[in-house]
Every structure is written in structure tokens, then in C-alpha cells.
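Reviewing the structure listed below.
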Amino acid sequence: MKPVVRLAALAALVLAAGCSSYNPLKWVGIMSDPANPPTPLSPIEAKVAPRAAWTASVGKSAGLNLRPAIAGGRVYAASAEGTITVVAEDDGHPLSRIETKKPIGGGLEVADGRIIAGTLKGEVLAYDTSGKALWSAPVAGEVIAPAAVSRNIVVVRTADGRIFAFAAADGKRLWVYQRPTPALLLRSPAGVLALGGDVVAGYPNGKLIALDLEDGKLTWEETVALPRGATELERIADVAGLPVIDGPNVCAAAYQLKVGCFEIATRNVVWSRDLSTSRALATDAKNLYLVDETGAVHALDKKTGASVWKNDKLLYRHLTAPAIFDGKVVVGDLEGFLHVLSTDDGAIIGRLPTDGTQVVSLVPGLSALFAQTAGGALVAVRF
């Protein structure tokens with residue numbers, strides 16, 4: 001086996017980058033764990049009081065970034081073992097369970113009365129909201145990110161970077177998009193965005209692309225950052241976190257390199273600056289928020305990219321991607337704490353413990369912020 005093939009095979013074992021504020025390559029022994037231990041928590045001046053409105057048991061995540069989905073007053077959450085738990089959004093009352101008996105790898109998407117799940121065995125599963133199996137489709141690759149749905153088309157990305165589109169009605173494959181990948185790539189749970197007639201995805205080598213939803217043809221491509229360095233490790237420049245669409249602009253970040261925003265119509269660079277993240281970005285009316293690879297939380301001005309504030313009180317605590325809820329920034333950490341940050345200055349103004357296990361995802365809803373933990377808790381958080 002050629003060395004480059006061995007390297008690529010090893011890199012394919014990297015845990016989902018969004019789980020950790022350490023360098024993702026440490027998980028496969030390519031790089032060692034940083035010397036810095038998780039920063040101990042310090043007392044805070046609480047100005048908001050986050051509370052757990054309810055907690056439901058949904059099954060363990062087994063190290064995966066499982067994301068719940070919210071639709072029609074219900075919250076849908078998956079376990080790594082394949083159980084889909086459905087609870088009422090307002091009070092967490094259990095409504096139903098679906099036993100797929102398949103290892104679900106990337107959380108759920110619920111749209112048009114269908115529950116869509118991807119598995120680690122290379123399948124896409126569709127159920128109706130009563131739990132009836134509608135269809136399954138093979139993709140010959142691990143699915144570790146939630147699907148996206150638009151215009152009755154289900155779009156799924158596999159861990160090796162291929163993007164598949166299926167008819168939501170019957171699971172018929174419509175198209176597949178594939179492009180060459182470098183020897184090393186992050187195993188990212190980012191997935192894709194499907195908005196209107198466009199599919200937007202980040203790729204290795206710092207590329208951000210858009211595909212036509214109907215036929216999968218490349219409609220535009222932009223470079224977020226160019227790989228640099230002498231070794232394959234140094235040249236990893238994957239756009240690993242899920243990009244965000246903000247009005248006429250799309251913003252994305254490349255691991256080890258840059259974050260920037262681009263005009264969708266012209267693809268001109270609005271701004272770009274040196275910051276590294278492998279997590280999804282978040283925005284509000286004024287700022288773009290991200291967690292860098294040390295665990296520092298940043299707020300950048302959306303128009304200029306200028307730094308508004310930086311919070312470095314949670315370094316190396318394996319933070320989640322930031323979530324915006326009720327005008328605040330929230331991140332979860334490896335010990336199950338949720339930290340509420342002010343959008344004005346980044347100060348930690350609230351804190352809530354959950355079940356003591358790592359928070360793997362945060363999803364804002366209308367009535368609450370929903371946190372899923374590695375230990376299997378689904379927590380509805382309100383202020």
C-alpha cells in the first residue's frame with residue numbers, strides 16, 4: 001500500500017472535529033494532545049439564570065455529534081445505537097420511539113413530514129412522523145452529518161466528501177457529486193446547506209462550493225484560504241464547519257487558516273482574517289461568532305471582520321459550536337456545562353450544569369435551546 005493511501009486511511013478515522021477544542025488530528029495519534037489541560041471554571045457574575053425546563057433520556061452518542069431536530073412542536077433526537085426518540089417541545093413528554101436498529105451517525109433532519117437519518121453503515125433512512133419506514137437508500141460511505149432538505153430533495157454528505165441527492169418521496173437517487181480530496185482530511189460532521197435551489201458545502205483545500213439542487217452541477221466555487229506549509233499536516237485547510245448564509249453573503253472558515261465572508265452574487269471577498277476553526281459558525285444581526293481551535297470564543301463584526309471581543313476563559317474545554325438563543329451566545333463543554341456569553345462584550349453571564357457528560361450539540365428552537373449530551377440527555381434550556 002502506498003504511503004499516501006495509508007495516510008488517507010488513517011485520517012479517515014479522525015473523530016468529528018466539532019467535538020473538541022483540541023487539534024482533531026490528535027485523535028488518531030498523528031499529533032499529540034496539547035500540553036494545556038482544560039481551563040478550570042472560575043466564578044462568574046451571573047446576570048441571567050439559565051434553567052433546565054425539562055430533560056429527556058434519548059440514548060448515548062458514542063462520541064458522535066448527534067443533533068436533534070425540531071418540527072411541528074416536537075423534538076426528534078437520535079442515539080448512536082439507532083433509537084429515534086420523539087418528545088413534546090413544550091414539556092419533554094415522550095411521544096414515541098423508533099427503533100431503526102441501525103447505527104445513526106449524524107443526527108436528524110425533519111421536513112415535509114419525514115424524518116431523515118444517515119447511518120455509519122452507508123444508508124439514508126426515511127420515516128414518517130408516526131415511525132413508519134418509508135424508504136432507505138445506499139450511499140456506500142459513513143454519514144456523520146445531518147441531511148438537508150429543500151424542494152422535496154434530500155441531500156446527504158458522506159464522510160469522504162461525496163454529496164448525494166434523493167427524491168424525498170421515494171428515495172430515488174437523483175445525482176451524486178464527487179471531487180478529488182487530498183491525502184489528509186478532517187472527518188467533519190458539517191454536512192451541507194440546502195437553501196432554495198442551491199446546495200452549499202465546504203471542502204478540503206479551503207474551497208467553498210455551490211451545486212444546483214436539481215442536477216448537482218457545480219455553479220460556483222470560492223477559495224476561503226489556500227493551503228500552506230511543508231507537510232501534509234500543515235497543509236490541511238478543510239472548510240470543516242458548516243458555513244452560514246447571511247443575507248447576500250456566505251461566511252465560512254478553513255481549519256488552520258482563515259475565516260471570511262463572500263458576496264454570493266459576485267463571489268467577491270467582503271473580508272477575510274486569520275482564524276482557525278473546525279466548527280460551525282453562528283450569526284446575529286451584528287456579529288459572526290466562532291470557537292477557535294484553542295477554545296476561545298470570538299465575535300467578529302459581520303461587515304468588516306474586525307474583532308468585537310474574544311473570551312479565553314474556556315480554553316481546551318472541548319466546546320461546541322456557538323449557538324444564538326434569546327440574544328445570547330451559548331456554548332457547551334466537555335463536563336456538561338452550558339456557558340451563556342453576552343453578545344456585547346463576551347463576558348460569561350450565566351452557567352448551567354447538565355448531566356456531567358460532554359455536550360455534543362446545541363440547537364436553538366422557538367421555545368428553548370436544546371442541548372444533547374454524550375450521556376444521552378436532551379435538555380431544554382430557558383432563561
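The values are calculated or read from the model by the stated rules, or taken from the named source; none is laboratory data. Since this is a predicted model, take the numbers as computed values, not measurements. Don't worry about glycine lacking a Cβ; one is built from the backbone with ideal geometry, like all the others, and counts go over all protein chains shown.
Select from region 199-215 the residues that are at pLDDT below 95, in a loop (DSSP other than H, G, I, E, B) and surrounded by fewer than 21 Cβ atoms within 10 Å (Cβ to Cβ) and list them in ascending order.
Residue satisfying the conditions is 205 alone.
Does region 324-358 hold any residues that are hydrophobic (A, V, I, L, M, F, W, C) and not in a loop (DSSP other than H, G, I, E, B), and which are they?
Hits for region 324-358 are 324, 325, 329, 330, 331, 337, 338, 340, 341, 348, 349, 352.
Find all pairs meeting these conditions: Cβ atoms under 7 angstrom apart; at least six residues apart or on different chains; first residue within region 44-71 and surrounded by fewer than 18 Cβ atoms within 10 Å (Cβ to Cβ); second residue in a loop (DSSP other than H, G, I, E, B) and at pLDDT below 95.
Sorted first by the residue in region 44-71, then by its partner, the pairs are 48/383; 49/383; 63/15.
The conditions are (1) of a type in the set (S, T, N, Q); (2) in a loop (DSSP other than H, G, I, E, B); (3) within 17 Å of the chain's Cα centre (by Cα), and residue 361 fails exactly one of them. Which is it?
Evaluating residue 361 over (1) of a type in the set (S, T, N, Q); (2) in a loop (DSSP other than H, G, I, E, B); (3) within 17 Å of the chain's Cα centre (by Cα) leaves (2) as the failure.
Quick check: is even one residue across region 94-108 under 17 Å from the mean Cα position of the chain (by Cα), under 30 Å from residue 340 (Cα atoms) and among the hydrophobic types (A, V, I, L, M, F, W, C)?
Yes, region 94-108 contains at least one residue that is under 17 Å from the mean Cα position of the chain (by Cα), under 30 Å from residue 340 (Cα atoms) and among the hydrophobic types (A, V, I, L, M, F, W, C).
Mind listing just one residue for me: the one in region 286-323 that is part of a loop (DSSP other than H, G, I, E, B), closer than 20 Å to residue 245 by Cα and hydrophobic (A, V, I, L, M, F, W, C) and, of those, farthest from the chain's Cα centre (by Cα)?
Restricting to residues being part of a loop (DSSP other than H, G, I, E, B), closer than 20 Å to residue 245 by Cα and hydrophobic (A, V, I, L, M, F, W, C), the top hit is 306.
Right, residue 334: within 20 Å of the chain's Cα centre (by Cα) and under 28 Å from residue 248 (Cβ atoms) or not?
So residue 334 does not fit the description; no.
Are any residues in region 269-307 within 24 Å of residue 36 (Cβ to Cβ), without any contact (Cβ under 8 Å) to a residue 60 or more places away in the chain, surrounded by fewer than 22 Cβ atoms within 10 Å (Cβ to Cβ) and hydroxyl-bearing (Ser, Thr, Tyr), and if so, which ones?
276, 307
Among the residues of region 104-120, write down those that are touching a residue at least 24 places away in the same chain (Cβ under 8 Å) and assigned to a loop (DSSP other than H, G, I, E, B).
Listed by number, the residues that qualify are 112, 120.
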